[in-house]
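Trainee: Pasting in a structure now, in structure tokens, and then I'll have a few things to ask.
What follows is calculated from the coordinates using simple rules that are stated; it is not laboratory data. None of the values given here were measured: they were computed from a predicted structure. Here the Cβ is made from the backbone with ideal geometry for all residues, glycine too, and neighbour counts use every protein chain on show.
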């Protein structure tokens, strides 16, 4: 059972890597991709929501779900411009408005430029969803310094940089929400993923600290921990293997990106979340029960 659980979690974290490759993080000044605006179709009181790593995978699912709510979405990306533009069009087709802004989440200066671009386009940023992440898995004894540092830089330091830039806006308005995407690997660990587990565990700790710091300014900070979620990566696996994996999950199936996006939507937009801050919510089918 231990080996089986390990294999599930290793694949889980890989499926949760929301940006595709190290080359996607080549330093570059934040550059926005703008297409015809649909602001006239979006309500005046729509929220402006910045989602990092939103050009594909779970980040895209979150962005599109927010578009369905008629919100204005800033699609951050570090790799494919075409993929980012596709997400923008999907958000607009769903009923929202969107722009894409290229920025490396590991670069504090690019993050500042990204927020400046968002404010120029939409006037402000009301909600931040820290979703961008990578994996570089290997055993600790084989892990190179760069493999450790690259994962920490994107998955943890990137959350810090984006949070800091966002809070400067939110503190002045005395309102705002932050939703951090962590992972169950950050709660229970996993062999071969010390860097990823450390970064995602750090995100949980950062969430709680920031919730206490920001509360006097009316800003809530919460965390979502996805489990084993169906993705383009899992689609390449055999049905037999996926059936075996599902048997190790209490609910007996893989999660859907839309189910994670639904939790993010609640924490980002719902009035019922006004009194929720500093907490972590698992969307994992029960795989981390007891943690």
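Trainee: Could you tell me which numbered condition residue 147 fails, if it satisfies all but one of (1) closer than 22 Å to residue 224 by Cβ; (2) surrounded by fewer than 24 Cβ atoms within 10 Å (Cβ to Cβ); (3) touching a helix residue (DSSP H, G or I) at 6+ places or on another chain (Cβ under 7 Å)?
Mentor: Going through the list (1) closer than 22 Å to residue 224 by Cβ; (2) surrounded by fewer than 24 Cβ atoms within 10 Å (Cβ to Cβ); (3) touching a helix residue (DSSP H, G or I) at 6+ places or on another chain (Cβ under 7 Å), residue 147 breaks only (1).
Trainee: Specify the residue that is nearest to residue 180 (Cα to Cα); the eligible residues are those in the stretch 201-226 that are more than 16 Å from the chain's Cα centre (by Cα) and not in a helix (DSSP H, G or I).
Mentor: Ranking the candidates gives 220 first.
Trainee: Right, here's the next one. Got at least one residue in the stretch 109-126 being in contact (Cβ under 8 Å) with a residue 24 or more places away in the chain and within 22 Å of residue 186 (Cα to Cα)?
Mentor: Scanning the stretch 109-126, I find no residue that is in contact (Cβ under 8 Å) with a residue 24 or more places away in the chain and within 22 Å of residue 186 (Cα to Cα), so the answer is no.
Trainee: Which of the helices (runs of 4 or more DSSP H) found entirely inside the stretch 71-164 contain at least 3 residues meeting this: closer than 19 Å to residue 177 by Cα? First the steps, then the outcome.
Mentor: Values: elements: 81-94, 108-122, 145-152.
Those helices (runs of 4 or more DSSP H) span 108-122.
Trainee: Take the residues in the stretch 212-229 that are farther than 12 Å from residue 277 by Cα and touching a residue at least 60 places away in the same chain (Cβ under 8 Å), then tell me which one is surrounded by the fewest Cβ atoms within 10 Å (Cβ to Cβ).
Mentor: Per the criteria, the residue is 229.
Trainee: Take residue 111 and tell me if it is within 16 Å of residue 167 (Cα to Cα), buried (at least 19 other Cβ atoms within 10 Å of the Cβ) and out of contact with any strand residue (DSSP E or B) (no Cβ under 8 Å at 6 or more places or on another chain).
Mentor: Values: within 16 Å of residue 167 (Cα to Cα): yes; buried (at least 19 other Cβ atoms within 10 Å of the Cβ): yes; out of contact with any strand residue (DSSP E or B) (no Cβ under 8 Å at 6 or more places or on another chain): yes.
Here the answer is yes, as residue 111 does meet what is asked.
Trainee: Identify, please: which residue in the stretch 165-200 is in a strand (DSSP E or B) and under 15 Å from the mean Cα position of the chain (by Cα) and is, among those, nearest to residue 136 (Cα to Cα)?
Mentor: Of the residues in the stretch 165-200, the ones in a strand (DSSP E or B) are 176-181.
Keeping just the survivors that are under 15 Å from the mean Cα position of the chain (by Cα) gives 177-181.
Working: 177: 30, 178: 26, 179: 24, 180: 20, 181: 18 Å.
Once the filter is applied, the top-ranked residue is 181.
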